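Peer 1: What follows is a single structure, and I will ask about it in a moment.
Please treat every number below as a calculation from the coordinates, not as lab data. In this text, all values refer to a predicted model and were calculated from it rather than measured experimentally. Cβ coordinates were reconstructed from backbone atoms using ideal geometry, including for glycine residues, and neighbour counts include every protein chain displayed.
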Amino acid sequence: MYLNIPVTLGLISQIVESKAIAVGCQGFVSFDGDEAEFAIGIGSPGREMTSQTVWRMYCSGKPMLAIVIACLVERKKLSLDDAVSKYVYEFSGSGKEGITLRHVLNHTAGLDILKGLEAGMYSRHKRHHLVSTTVLGDDFIPGMASSFSEYAGWHLLGCVVETVTGKSYGKVAFEILIDPLLMTSTIYGNGTKERYNEINDRIGVFYDLTSQIPTPMLYDRSESLFLDWNPGYGSYSTARDMGKFYIALLAGLNGCKQSIISSETAHTFTQIGRGILYDPILERGCDFGLGFMLDLSSFGLGSYIGKRSFGHLGVLGSTWSFCDPDNRLVVSLVFNGWGEAGLSRTARISVMDSLYRELGITGCL
């Protein structure tokens with residue numbers, strides 16, 4: 001059944017028209033089984049936004065690789081407390097032997113090297129060398145301090161997946177996640193030239209809004225970026241496909257037998273936090289589960305969001321997807337702009353508060 005949310009859609013339209021944080025928005029909402037899907041504004045130069053526009057999801061895609069790891073844990077291919085160096089032999093020395101998969105997933109591994117733009121300047125081989133040979137501080141203790149890993153940690157997780165399966169992480173992600181969930185518009189490590197040619201016209205772009213004239217970041221739709229080996233922030237998807245992902249996790253939490261992971265594993269990854277720690281990269285105190293942001297109100301997702309909610313933001317907070325299990329709510333939104341982080345946060349709060357009020361969810365659980 002279609003979910004009617006005219007007030008929130010009106011607010012989103014106003015935000016898009018202002019061109020303060022984006023020139024378009026693609027969204028998907030599922031509430032207690034009813035759904036709304038929408039596309040507003042511009043998707044790329046000369047093209048309107050549609051529900052089929054495909055986006056580079058940046059850090060919003062990180063949870064997908066986390067759940068691939070979860071599935072491999074369930075299959076006893078690895079353990080969360082295995083040292084990363086058990087699978088990535090080059091990642092050793094200078095105290096790195098104490099870093100486990102759990103530390104990487106909850107961002108307490110100290111792997112904040114290689115920011116997004118910097119990583120994109122190097123080949124996969126060069127990135128691997130830089131990540132593997134990074135030197136940690138003498139006083140660093142894994143698990144004790146937060147340091148958001150934009151690229152390096154997920155690079156290592158991708159290597160772990162390939163070591164234990166003997167397959168590319170993209171092929172494993174497709175077999176375990178993308179294909180079973182019918183995420184037909186999602187590409188994550190399994191991009192090919194043929195697939196690029198097939199969907200090139202559907203790839204949307206983000207706009208740089210830091211100057212008076214919105215500037216399209218056409219690199220978003222380049223073939224080299226599409227084909228890049230990038231577990232950290234290299235996924236392409238749509239709001240609906242990301243919604244399918246979180247609906248599946250909600251099913252897992254609820255013990256649905258058809259879910260891709262068990263209730264226990266879903267709980268371990270999405271409900272057990274490391275605790276609130278100040279993160280110098282994100283410049284705030286925050287909590288993480290295993291690959292998921294927790295305590296989502298602290299990430300600017302509104303006043304009413306449930307305490308057990310989990311999800312992830314990307315592109316300076318312009319994209320976000322999450323599940324609120326207490327309220328049976330899944331939301332995925334893409335605002336296609338790079339702008340001032342404070343404006344994006346204000347927009348997130350206003351949109352999410354509007355949505356919760358319109359759905360009649362006004363009590364934080």
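Peer 1: Here are Y278, Y304: which of them is over 17 Å from the mean Cα position of the chain (by Cα), of a type in the set (S, T, Y) and closer than 28 Å to L111 by Cα?
Peer 2: Being over 17 Å from the mean Cα position of the chain (by Cα), of a type in the set (S, T, Y) and closer than 28 Å to L111 by Cα holds for just one of Y278, Y304, which is Y278.
Peer 1: Scan the stretch 53-65 and give yes if some residue there is surrounded by fewer than 19 Cβ atoms within 10 Å (Cβ to Cβ) and either of a type in the set (S, T, Y) or in contact with a strand residue (DSSP E or B) (Cβ under 6 Å, 6 or more places away or on another chain) (or both), otherwise no.
Peer 2: no
Peer 1: While we're looking at this one, here's another question. Condition test on C59, is it closer than 30 Å to L101 by Cα, under 19 Å from the mean Cα position of the chain (by Cα) and touching a residue at least 60 places away in the same chain (Cβ under 8 Å)?
Peer 2: yes
Peer 1: Looking at the stretch 251-263, is at least one residue in contact (Cβ under 8 Å) with a residue 40 or more places away in the chain, crowded, with 21+ Cβ neighbours inside 10 Å and under 23 Å from T100 (Cβ atoms)?
Peer 2: There is at least one residue in the stretch 251-263 that is in contact (Cβ under 8 Å) with a residue 40 or more places away in the chain, crowded, with 21+ Cβ neighbours inside 10 Å and under 23 Å from T100 (Cβ atoms).
Peer 1: Tally the residues that are surrounded by 12 or more Cβ atoms within 10 Å (Cβ to Cβ) and either among the small types (G, A, S) or touching a His at 6+ places or on another chain (Cβ under 8 Å) (or both), restricting the search to the stretch 188-229.
Peer 2: Of the residues in the stretch 188-229, 4 are surrounded by 12 or more Cβ atoms within 10 Å (Cβ to Cβ) and either among the small types (G, A, S) or touching a His at 6+ places or on another chain (Cβ under 8 Å) (or both).
Peer 1: Here is a further query. Does the stretch 275-285 include one or more residues that are touching a residue at least 12 places away in the same chain (Cβ under 8 Å), touching a Leu at 6+ places or on another chain (Cβ under 6 Å) and small (G, A, S)?
Peer 2: Restricting attention to the stretch 275-285, the residues satisfying the condition of being touching a residue at least 12 places away in the same chain (Cβ under 8 Å) are 275-282, 284-285.
With the extra rule that they be touching a Leu at 6+ places or on another chain (Cβ under 6 Å), the set shrinks to none.
Taking every residue of the stretch 275-285 in turn, none turns out to be touching a residue at least 12 places away in the same chain (Cβ under 8 Å), touching a Leu at 6+ places or on another chain (Cβ under 6 Å) and small (G, A, S).
Peer 1: While we're on this one: Which of the following residues is of a type outside the set (D, E), touching a residue at least 24 places away in the same chain (Cβ under 8 Å) and either at positive phi or not in a helix (DSSP H, G or I) (or both): G189, G243? Quick ask: steps written out before the conclusion?
Peer 2: Numbers: G243 fails: either at positive phi or not in a helix (DSSP H, G or I) (or both).
Of the residues listed, the single one that is of a type outside the set (D, E), touching a residue at least 24 places away in the same chain (Cβ under 8 Å) and either at positive phi or not in a helix (DSSP H, G or I) (or both) is G189.
Peer 1: Answer yes if at least one residue in the stretch 92-103 is aliphatic (A, V, I, L, M) and either surrounded by fewer than 23 Cβ atoms within 10 Å (Cβ to Cβ) or not in a loop (DSSP other than H, G, I, E, B) (or both), and no otherwise.
Peer 2: The initial filter retains those residues of the stretch 92-103 that are aliphatic (A, V, I, L, M), namely 99, 101.
Next cut, either surrounded by fewer than 23 Cβ atoms within 10 Å (Cβ to Cβ) or not in a loop (DSSP other than H, G, I, E, B) (or both) only: 101.
Yes, the stretch 92-103 has at least one match.
Peer 1: Follow-up question, since we're still on this one. Pairs please, first residue from the stretch 305-325 and basic (K, R), second anywhere and in a strand (DSSP E or B), Cβ atoms under 8 Å, 6+ apart in sequence or on different chains.
Peer 2: The qualifying pairs are R308/D324.
Peer 1: While we're looking at this one, here's another question. Just checking, which of S79, S85, S147 is within 28 Å of T268 (Cα to Cα), of a type in the set (S, T, N, Q), without any contact (Cβ under 8 Å) to a residue 40 or more places away in the chain and assigned to a loop (DSSP other than H, G, I, E, B)?
Peer 2: Only one candidate passes the filter, namely S79.
Peer 1: So which of C323, C286 ends up being in contact with a strand residue (DSSP E or B) (Cβ under 8 Å, 6 or more places away or on another chain), crowded, with 17+ Cβ neighbours inside 10 Å and within 19 Å of M183 (Cα to Cα)? Reasoning before the result, please.
Peer 2: Working: C286 fails: within 19 Å of M183 (Cα to Cα).
Checking each option against the conditions leaves just C323.
Peer 1: May I ask you to list the residues in the stretch 326-343 that are over 16 Å from Y58 (Cα atoms) and surrounded by fewer than 24 Cβ atoms within 10 Å (Cβ to Cβ)?
Peer 2: Passing the criteria: D326, N327, R328, L329, E340, G342, L343.
Peer 1: Return the pairs, sorted by first residue and then second, in which the second residue is in a loop (DSSP other than H, G, I, E, B), the first residue lies in the stretch 1-21 and is closer than 11 Å to G41 by Cβ, the beta carbons are less than 8 Å apart, and the residues are 6+ apart or on different chains.
Peer 2: As it stands, the answer is I15/I21; I15/A22; V16/A22; V16/V23; K19/L209; K19/P214, since those pairs meet every condition given.
Peer 1: Could I ask something else about it? Given the structure, is L136 surrounded by fewer than 21 Cβ atoms within 10 Å (Cβ to Cβ) and on the phi > 0 side of the Ramachandran plot? Working first, answer last.
Peer 2: On the way: surrounded by fewer than 21 Cβ atoms within 10 Å (Cβ to Cβ): yes; on the phi > 0 side of the Ramachandran plot: no.
No, not satisfied.
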